[in-house]
1. Working only within the range 28-40, note down all residues that are more than 22 Å from Leu266 (Cβ to Cβ), open to solvent by 40 Å² or more (accessible area, probe 1.4 Å) and assigned to a helix (DSSP H, G or I).
2. What residue, among those in the range 96-116 that are open to solvent by 30 Å² or more (accessible area, probe 1.4 Å) and assigned to a loop (DSSP other than H, G, I, E, B), is modelled with the lowest pLDDT?
3. Just give me the residues in the range 41-60 being among the small types (Gly, Ala, Ser) and in a helix (DSSP H, G or I), in sequence order.
4. Scan the range 184-203 for residues that are surrounded by fewer than 19 Cβ atoms within 10 Å (Cβ to Cβ) and either under 21 Å from Leu20 (Cβ atoms) or among the β-branched types (Val, Ile, Thr) (or both) and jot them down.
5. Tell me which of these Ile163 doesn't satisfy, since it passes every other one: (1) assigned to a loop (DSSP other than H, G, I, E, B); (2) at pLDDT 50 or above; (3) of a type outside the set (Lys, Arg).
6. Within the range 241-282, take every residue that is among the charged types (D, E, K, R) and either in a helix (DSSP H, G or I) or in contact with a Gly (Cβ under 9 Å, 6 or more places away or on another chain) (or both) and give me the one that is least open to solvent (accessible area, probe 1.4 Å).
7. Looking only at the range 223-240, count how many residues are outside any loop (DSSP other than H, G, I, E, B) and open to solvent by 40 Å² or more (accessible area, probe 1.4 Å).
8. Restricting attention to the range 56-76, does a residue exist that is open to solvent by less than 20 Å² (accessible area, probe 1.4 Å), among the hydroxyl-bearing types (Ser, Thr, Tyr), more than 26 Å from Gly319 (Cβ to Cβ) and at pLDDT below 85?
Amino acid sequence: MRRLPRPREYIAVHGYDTVLVSLLLGYDLNWLLLEEKPVLLFLSAAVMWSLFMMCTTNGRNPNELVMCWGTFGWVVGNGFWTVFDLADVGEHILLGERISPEARRCLLLACGVCFGASFGLSALYYLHLRWTDRFATARGATGDSAALAQLYREEGSTGYGSIPAKGSPDGGRSRSLTPNHLMSFDGPAFLPNVFRVESWVEYEGVALFLWICKDLSWWLAVEMNVPGMDIVMCVVAGMLVLHHVDMLVTAAINDDMMGLANLITLLFWVTSMCIWAVGDYYQTDDVLAVVPPLSRPEHPENMRFAATWIMLCGAGFFGMFWTAYLGMFAVYDDDELSPSLL
């Protein structure tokens with residue numbers, strides 16, 4: 001099994017993404033738990049952090065920049081939708097007395113604009129931009145290419161650092177140059193390689209694209225009542241869950257323990273939100289009646305109840321893994337750790 005990276009090595013290259021996942025996980029969990037103030041706190045932090053990621057991304061790598069812009073639009077869109085929902089409930093919610101019906105409508109439309117912009121940018125990227133010379137050259141220079149993945153396999157590297165890349169415009173060091181991104185990737189484990197991705201980092205980007213598609217179709221179905229969008233939402237939700245299962249299997253095949261732990265969390269998260277999206281559209285108002293989320297509802301088919309517990313499992317696993325991971329390296333030196341863990 002590949003050596004488990006030291007925390008400082010992992011955080012140095014994956015810290016930004018890990019913080020964003022933590023904030024979004026906290027945001028969705030508190031939304032399911034109907035904890036209004038924590039929802040707004042986590043939401044504000046997630047928006048600011050995604051903006052920070054976008055501003056600090058290496059501008060020489062347009063692939064990374066497109067992903068950051070897509071992520072930012074998606075997070076902001078969810079923010080507009082959340083504030084709309086909070087205000088729409090009325091006097092039970094912190095914002096209910098402060099936002100007029102016209103302002104609420106603007107929030108709802110702003111959500112759709114953000115989702116649509118993120119979807120359009122991501123679709124343009126996968127259909128056209130990533131095939132252009134500029135984007136292909138940038139992937140080769142920063143480690144997102146199949147050639148560098150092959151180099152990583154041949155050298156048998158186990159450390160978490162950067163592999164100097166010839167022609168890299170920033171001297172050969174990039175956040176993308178990590179074993180997680182350069183691990184052996186011969187395509188999806190069992191799904192068709194529709195977008196013909198050649199590296200792990202590109203395959204992770206497909207997950208983001210599916211997230212955006214799921215939320216956009218959810219918004220169109222629930223808020224705009226667009227005919228047929230409920231079917232699209234269900235299909236995309238199923239694809240999103242299957243994609244994460246495939247990523248989990250791929251990480252297991254490549255002995256990527258950190259990737260495996262993160263993907264277990266993401267699979268709980270994705271499953272929870274897809275269940276809630278389906279329930280949000282198909283269930284009647286009496287089934288969706290607001291009850292304490294962790295108490296068994298009167299209607300056993302209430303999907304918010306199931307989604308909340310699945311999300312709690314994912315958040316609990318995420319917290320326990322990172323506590324054990326950081327604690328292990330805080331207590332023991334590398335030489336004292338079991339080889340099976342390293």
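The values are calculated or read from the model by the stated rules, or taken from the named source; none is laboratory data. Predicted, not measured: the structure shown is a model, and the values here were computed from it. FYI the Cβ positions are ideal-geometry reconstructions off the backbone, even for glycines, and counts take in every protein chain you see. All accessible areas refer to the heavy atoms of the entire protein, side chains included, with ligands and DNA or RNA removed. Shrake-Rupley method; radii C 1.70, N 1.55, O 1.52, S 1.80 Å.
1. Glu36, Lys37 - these are the residues of the range 28-40 that are more than 22 Å from Leu266 (Cβ to Cβ), open to solvent by 40 Å² or more (accessible area, probe 1.4 Å) and assigned to a helix (DSSP H, G or I).
2. Here the answer is Glu97.
3. In the first step, residues of the range 41-60 are kept if they are among the small types (Gly, Ala, Ser); the result is 44-46, 50, 59.
Listed by number, the residues that qualify are Ser44, Ala45, Ala46, Ser50.
4. Of everything in the range 184-203, just one residue is surrounded by fewer than 19 Cβ atoms within 10 Å (Cβ to Cβ) and either under 21 Å from Leu20 (Cβ atoms) or among the β-branched types (Val, Ile, Thr) (or both), namely Val194.
5. All conditions pass for Ile163, except number (2).
6. So the first thing to find is which residues in the range 241-282 are among the charged types (D, E, K, R), and the list is 246, 255-256, 280.
When the remaining residues are screened for being either in a helix (DSSP H, G or I) or in contact with a Gly (Cβ under 9 Å, 6 or more places away or on another chain) (or both), the result is 246, 280.
Working: Asp246: 0, Asp280: 44 Å².
So, considering only residues that are among the charged types (D, E, K, R) and either in a helix (DSSP H, G or I) or in contact with a Gly (Cβ under 9 Å, 6 or more places away or on another chain) (or both), the one least open to solvent (accessible area, probe 1.4 Å) is Asp246.
7. If we filter the range 223-240 for residues that are outside any loop (DSSP other than H, G, I, E, B), which is where we start, we get 229-240.
Remaining after also requiring open to solvent by 40 Å² or more (accessible area, probe 1.4 Å): 229, 231-232, 234-235, 239.
So the count comes out to 6.
8. The answer is yes, given that some residue of the range 56-76 is open to solvent by less than 20 Å² (accessible area, probe 1.4 Å), among the hydroxyl-bearing types (Ser, Thr, Tyr), more than 26 Å from Gly319 (Cβ to Cβ) and at pLDDT below 85.
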